[in-house]
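Asks: Structure below; questions to follow.
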Amino acid sequence: MSIHSAHISTRSVTKPNSCPTGEFNPTHEEEARYIERSRQQTDALYLLALLGGRIVGILNFEPGTRRQFRHAGEFGMTVLQQHRGIGVGSALLDLFLEWARERRQITKLNLKVRADNQLAIALYKSRGFTVEGVQTRSVLRNGRHHDALWMGIHVD
């Protein structure tokens, strides 16, 4: 498995329907615009986990846009279901944490995770993230509401 930063040509980005999430399937052009915007934004990051040339995981981070919020940001990570539990998420998260700790201006990382996603929660906690809050009925999937946890870590 290899991890690549989005500081690659947007021409080599995902094709439609190759995004590892079940319902978010951006077109090539939409994904290219998002990556280009990330490349132009100071301290934004977009990582791709590749296995056999196929994207199996993504982690993206965007810092706050206003001066008083630029020290912190939110990230999201997703791994194809069939590749969960084999280290893809760990590799993405470890590289991201290393990247964040090298930047003095980034001091706080935040994320939101479904409260029943125990595998992801265990991974985040193993790296030092703590639960900072609960957002009830945050996700509606298959007609059922799910709570989400807000988690964070200080990296300074």
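Asks: Among the residues of the range 145-156, is there at least one that is modelled with pLDDT under 95 and surrounded by fewer than 19 Cβ atoms within 10 Å (Cβ to Cβ)?
Replies: Going through the range 145-156, the residues modelled with pLDDT under 95 turn out to be 156.
Filter once more, keeping what is surrounded by fewer than 19 Cβ atoms within 10 Å (Cβ to Cβ): 156.
Yes, because at least one residue in the range 145-156 is modelled with pLDDT under 95 and surrounded by fewer than 19 Cβ atoms within 10 Å (Cβ to Cβ).
Asks: What are the residues in the range 75-94 that are over 18 Å from LYS125 (Cβ atoms) and surrounded by fewer than 17 Cβ atoms within 10 Å (Cβ to Cβ), if any?
Replies: GLN81, GLN82, ILE86
Asks: What number goes with the only condition from (1) surrounded by 12 or more Cβ atoms within 10 Å (Cβ to Cβ); (2) more than 20 Å from PRO63 (Cα to Cα) that ASN142 does not pass?
Replies: Evaluating ASN142 over (1) surrounded by 12 or more Cβ atoms within 10 Å (Cβ to Cβ); (2) more than 20 Å from PRO63 (Cα to Cα) leaves (1) as the failure.
Asks: Could you check how many residues of the range 113-126 are among the basic types (Lys, Arg) and surrounded by 15 or more Cβ atoms within 10 Å (Cβ to Cβ)? Even if it seems obvious, please write down each step before you answer.
Replies: Kept after step one, since they are among the basic types (Lys, Arg), are these residues of the range 113-126: 114, 125.
Restricting the remaining residues to those that are surrounded by 15 or more Cβ atoms within 10 Å (Cβ to Cβ) gives 114.
Matching residues across the range 113-126 total 1.
Asks: Conditions: (1) in contact with a Lys or Arg (Cβ under 8 Å, 6 or more places away or on another chain); (2) modelled with pLDDT of 90 or more. HIS7 meets all but one. Number of the miss?
Replies: Evaluating HIS7 over (1) in contact with a Lys or Arg (Cβ under 8 Å, 6 or more places away or on another chain); (2) modelled with pLDDT of 90 or more leaves (2) as the failure.
Asks: Taking the range 46-63 only, how many residues are modelled with pLDDT of 90 or more and either within 20 Å of ILE153 (Cα to Cα) or of a type in the set (Gly, Ala, Ser) (or both)?
Replies: Residues flagged as modelled with pLDDT of 90 or more and either within 20 Å of ILE153 (Cα to Cα) or of a type in the set (Gly, Ala, Ser) (or both) within the range 46-63 amount to 9.
The values are calculated or read from the model by the stated rules, or taken from the named source; none is laboratory data. The structure displayed is predicted, hence computed values, not measured ones. Cβ coordinates were reconstructed from backbone atoms using ideal geometry, including for glycine residues, and neighbour counts include every protein chain displayed.
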